[in-house]
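First the structure, in the form of structure tokens, and then the observations on it.
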Amino acid sequence: MITAEQLKAVQERTASLHHYLDIPAKQLQYEEEQLRTQAPDFWDDRERAEKQMKLVKGLEKWLKGYQEVKVLTDELTLAFDFCKEGLVEEAEVDDNYARALDAIESLELKNMLRAEEDVMSCVLKINSGAGGTESQDWAQMLMRMYMRYAEAHEYKVTISNLQDGDEAGIKTVTMQIEGDYAYGYLKSENGVHRLVRVSPYNAQGKRMTSFASVFVTPLVDDTIEVYIDPSKISWDTFRSSGAGGQNVNKVETGVRLRYQYKDPETGEEEEILIENTETRKQLENRENAMRLLRSNLYDRELKRRQAAQAKIEAGKKKIEWGSQIRSYVFDDRRVKDHRTGFQTSDVGGVMDGKLDGFIKAYLMESDEEEQ
């Protein structure tokens, strides 16, 4: 059973959350913002109303999150006292402790996501590296890993573009992962992921090393203003590829958007290419491609801000978008993050989407360096 010191630690962390989340102020703000939604002309300006509702719901989630922590901590305290009197089993106390600790850590982690973009959904793109079938198989394994992570966290996943590998796996995939704080959590996955295993595609059964790159960008919504120059856009259409037979799209519903981007600081020009084959309707694919373009441009602006901030704050953690961040060594049953040093032997669990340990370690280290 847990000790009195462990119970005290939970109580102190709960009290700390009440303090640094400033729950009384959030409660007052929530009540004031809620009153504004009851005005007779509230929905006359739909855009303004939707922003207001988003603000109210955001405050409500913080309050509910803290209330859950408080209730679980109170239940744990009660169970601990009852156990000493023989009214509650030790196993029940330990179960209450685990649930309270999980809720506390979840809220503490969420509090680390303070940037404007952290609350957004995200676009996650995976590209296979050099190495043919082996790397393409690895890219597909990563795609499955992130889909399982999203499923466990009740995020919605939409595949907007997928290119199959030559023999197995995939060459590239672009996924939209929609849900609160999806970008804030998954931004830690940016970089190169390295796989070491005995390859099933190698006749000699040799140990092979494969690479795949992961890019995560915020998925912007209509509340985020991003300027797009219409004169720099061009479109192509094509037939969506499939596995053959009835799966092949006979109509050119796939769209390819080309945007001539000019860096506002260096003046360098670059073509941004976005393909979308999400639906059988070309108009819907065009709309989604534009949404992905807005996300891309917003992400570039974020990188510029981060680079400028890094120059000002010496020692601030840089985001290395192309660096090798994690190694998955199947034979040694080890997955290690090279940025934080966090590692686990639960390779199967990681490949099934259990990434919370890596994400937490990354956010905690980033938060410490920003203090």
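The values are calculated or read from the model by the stated rules, or taken from the named source; none is laboratory data. Small disclaimer: the values here were computed from a predicted structure and weren't measured. A quick note on method: Cβ atoms are made from the backbone with ideal geometry, for glycine too, and the neighbour counts reach across all protein chains shown. Ligands, DNA and RNA are excluded from the accessible area calculation, which covers all protein heavy atoms including side chains. Shrake-Rupley method; radii C 1.70, N 1.55, O 1.52, S 1.80 Å.
What the table shows:
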item	result
Pair list, Cβ < 9 Å and 6+ apart or interchain, from the range 28-55 residues that are without any contact (Cβ under 8 Å) to a residue 40 or more places away in the chain to residues that are surrounded by 12 or more Cβ atoms within 10 Å (Cβ to Cβ) and among the acidic types (D, E)	Y30/E60; Q34/E60; Q52/E33; L55/E33
Residue in the range 74-120 that is nearest to S295 (Cα to Cα), counting only those that are small (G, A, S) and out of contact with any helix residue (DSSP H, G or I) (no Cβ under 9 Å at 6 or more places or on another chain)	A98
Any hit, the range 81-92, residues being open to solvent by less than 20 Å² (accessible area, probe 1.4 Å), touching a Leu at 6+ places or on another chain (Cβ under 9 Å) and not small (G, A, S)	no
Residue satisfying all of: in the range 265-300; surrounded by 15 or more Cβ atoms within 10 Å (Cβ to Cβ) and among the small types (G, A, S); farthest from A115 (Cα to Cα) among these	A289
Any hit, the range 314-327, residues being modelled with pLDDT of 90 or more and of a type outside the set (V, I, T)	yes
Failed criterion for K303 (all others in (1) at pLDDT below 90; (2) surrounded by 15 or more Cβ atoms within 10 Å (Cβ to Cβ); (3) farther than 30 Å from E252 by Cβ hold)	(2)
Qualifying positions in the range 103-136 - open to solvent by less than 20 Å² (accessible area, probe 1.4 Å) and within 30 Å of M208 (Cα to Cα)	V123, L124, I126, E134, S135, Q136
Any pair with Cβ under 8 angstrom, 6 or more apart, that starts in the range 337-364 at a residue that is at pLDDT below 95 and of a type in the set (K, R) and ends at one that is open to solvent by less than 20 Å² (accessible area, probe 1.4 Å) and outside any helix (DSSP H, G or I)	R339/I325
Selection status of T14, under 18 Å from N111 (Cα atoms) and among the polar types (S, T, N, Q)	yes
Meets criteria (in contact (Cβ under 8 Å) with a residue 40 or more places away in the chain and either open to solvent by 80 Å² or more (accessible area, probe 1.4 Å) or more than 25 Å from E92 (Cα to Cα) (or both)) for I23	yes
Considering residues of the range 37-75 that are of a type in the set (S, T, Y) and surrounded by 15 or more Cβ atoms within 10 Å (Cβ to Cβ) only, the residue farthest from D180 (Cα to Cα)	T73
All positions within the range 341-362 that are assigned to a loop (DSSP other than H, G, I, E, B), out of contact with any Ser or Thr (no Cβ under 9 Å at 6 or more places or on another chain) and open to solvent by 30 Å² or more (accessible area, probe 1.4 Å)	G341, F342, S345, D346, D352
